[in-house]
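The values are calculated or read from the model by the stated rules, or taken from the named source; none is laboratory data. Keep in mind that this is a model prediction, so the values were computed, not measured. Here the Cβ positions follow ideal geometry from the backbone for every residue, glycine too, while neighbour counts run over all protein chains shown.
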């Protein structure tokens, strides 16, 4: 029984350690489901440092057309991606992101915001 508990504890520690290596957003600007004045950029801060060549942000309009997709890693903080935006008209927009942590773990997501 002691060996089983030890194996179970080791497995738990390994699994939780692997899960923490994934890069997840912890700050998104504009925020999901927010209504804002036309922002100059989309900024997403992640929980892990990102691999620049594999991480991205794309902004789509209501019809699904990509309006911006040239995201860059913050030079001072490799956990932050910036996507410069063109002047946005009033309407709803979707942000699609891909984050690849420096250890190779990939996560994806999307959210919407509106411009007033």
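Things worth noting here:
- Summed over segment 32-71, residues that are buried (at least 18 other Cβ atoms within 10 Å of the Cβ) and in a loop (DSSP other than H, G, I, E, B) total 4.
- Only one of 110, 116 that is touching a residue at least 12 places away in the same chain (Cβ under 8 Å) and farther than 16 Å from residue 37 by Cα: 110
- Boolean, residue 82 is crowded, with 16+ Cβ neighbours inside 10 Å and modelled with pLDDT under 95: no
- Boolean, residue 13 is at pLDDT 95 or above and more than 11 Å from the chain's Cα centre (by Cα): no
- In this structure, residue 23 does not satisfy being within 18 Å of residue 114 (Cβ to Cβ), at pLDDT 95 or above, assigned to a loop (DSSP other than H, G, I, E, B) and touching a strand residue (DSSP E or B) at 6+ places or on another chain (Cβ under 6 Å).
For (1) modelled with pLDDT of 95 or more; (2) under 12 Å from residue 97 (Cα atoms), each residue gets a yes or a no:
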position: 5; (1), (2): no, no
position: 27; (1), (2): yes, no
position: 30; (1), (2): yes, no
position: 71; (1), (2): yes, yes
position: 77; (1), (2): yes, no
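- Checked against the criterion of being within 26 Å of residue 116 (Cβ to Cβ) and out of contact with any strand residue (DSSP E or B) (no Cβ under 6 Å at 6 or more places or on another chain), the candidates 53, 37 yield just one match: 37.
- Subset of segment 72-88 [farther than 14 Å from residue 41 by Cα and either out of contact with any strand residue (DSSP E or B) (no Cβ under 7 Å at 6 or more places or on another chain) or in a strand (DSSP E or B) (or both)]: 75, 76, 77
- If you go through segment 90-116 and keep only what is outside any strand (DSSP E or B) and either surrounded by 12 or more Cβ atoms within 10 Å (Cβ to Cβ) or in contact with a strand residue (DSSP E or B) (Cβ under 7 Å, 6 or more places away or on another chain) (or both), you end up with 90, 102, 103, 105, 116.
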